[in-house]
Amino acid sequence: MTERLFAKEEIIALFHSLGKLAHERGEILEIGVVGGAAISLLFAYRKATEDIDAFALNLDQNTLIHELCSLIAQEFDLPEKWLNDASKIYLTTFEKGPLLVESDGIRVFAPALEQLLAMKLSAWRNEVDQEDARRVLESLPNDKEEVWTRVKSFLLPGRGLKAEYAFEDLWSLVHNH
């Protein structure tokens with residue numbers, strides 16, 4: 001299978017389609033989006049992402065979202081799991097951040113920027129994660145202790161040391177260039 005990339009405009013269109021189907025059923029979905037999809041929607045530099053990491057903020061809507069996503073997959077010839085909710089295992093909570101997409105039947109939120117940064121620092125797999133983390137950090141206040149305290153509050157147990165080292169490197173890169 002060839003690699004499938006989702007551009008920002010396509011992500012927005014897919015969320016609008018999802019919202020339209022929900023609206024037709026009298027529902028308003030609240031979805032949290034993380035990872036590359038959140039970065040693509042937040043920052044102009046990120047043109048595309050390999051997957052759309054998103055999930056229901058209201059657990060009662062899980063089944064409905066999966067059902068509607070299947071309909072959209074058929075309609076637009078997408079992989080069945082075009083909306084991937086596996087990332088929620090990396091969250092103990094979701095603090096709503098910026099509203100990214102809103103239309104009839106749907107409201108899509110990024111996490112708080114510090115939470116998004118915590119996720120990127122915890123992953124820290126490659127240049128893409130590092131660039132994403134840099135962009136998020138640049139949009140946060142210049143108070144290192146305040147930012148780290150907020151970021152640390154979102155880290156999963158066992159991820160703190162890696163994230164702290166990554167944060168120190170990234171802070172130096174952003175603030176001492």
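The values are calculated or read from the model by the stated rules, or taken from the named source; none is laboratory data. Predicted model, so just to flag it, every value in this text is computed and none were measured. Glycine also receives a Cβ, built like all others from the backbone with ideal geometry; neighbour counts cover every protein chain displayed.
Some observations on this one:
- You will find that of Ala7, Ala48, the residue that is within 30 Å of Leu137 (Cα to Cα), touching a Leu at 6+ places or on another chain (Cβ under 7 Å), modelled with pLDDT under 95 and surrounded by fewer than 16 Cβ atoms within 10 Å (Cβ to Cβ) is Ala48 and no other.
- Any hit, segment 130-145, residues being over 20 Å from the mean Cα position of the chain (by Cα), assigned to a helix (DSSP H, G or I) and without any contact (Cβ under 8 Å) to a residue 12 or more places away in the chain: yes
- Taken as a whole, segment 90-112 holds no residue that is buried (at least 18 other Cβ atoms within 10 Å of the Cβ) and in a helix (DSSP H, G or I).
- Residue list for segment 3-61, filter: outside any helix (DSSP H, G or I), closer than 22 Å to Gln130 by Cβ, small (Gly, Ala, Ser) and touching a residue at least 12 places away in the same chain (Cβ under 8 Å): Ala7, Ala48
- Failed item, numbered, when Phe76 is tested on (1) crowded, with 17+ Cβ neighbours inside 10 Å; (2) out of contact with any Pro (no Cβ under 7 Å at 6 or more places or on another chain); (3) under 19 Å from Glu10 (Cα atoms): (1)
- Val128, sole failed condition from (1) surrounded by 18 or more Cβ atoms within 10 Å (Cβ to Cβ); (2) touching a Gly at 6+ places or on another chain (Cβ under 8 Å); (3) of a type in the set (A, V, I, L, M): (1)
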